[in-house]
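**Q** Starting off with a structure, shown below.
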Amino acid sequence: MVEFLKDLGRDTRGATAVEYGLILALIFLAMVGAVQTFGQEVIGMWNLISDTILASTGV
């Protein structure tokens, strides 16, 4: 049992998968933040367009 635990402590086969998982998680979080910011800008743009059209038509 002790030998198994020593071997398990020296095993690095799963480290690369964990590193890739962390990198993907950071990329995902950056994408979510960017899409959220972009979405707010687009909503603001369409609200401005709508207000301008309503003001010009006198409705």
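No value in this document is a laboratory result; all are computed from the given coordinates. Since the model is a prediction, treat every value here as computed from it, not as a measurement. Glycine gets a Cβ as well: all are built from the backbone with ideal geometry, and neighbour counts include every protein chain shown.
**Q** Taking interchain pairs and intrachain pairs at least six residues apart, which have beta carbon atoms under 9 angstrom, with the first residue in the stretch 41-59 and of a type outside the set (S, T, N, Q) and the second not in a helix (DSSP H, G or I)?
**A** Short answer, once both residue conditions are applied: Ile53/Val59.
**Q** Given Phe4, Phe38, which one is aromatic (Phe, Trp, Tyr) and surrounded by fewer than 10 Cβ atoms within 10 Å (Cβ to Cβ)? Spell out the reasoning first.
**A** Working: Phe38 fails: surrounded by fewer than 10 Cβ atoms within 10 Å (Cβ to Cβ).
That would be Phe4, the only listed residue that is aromatic (Phe, Trp, Tyr) and surrounded by fewer than 10 Cβ atoms within 10 Å (Cβ to Cβ).
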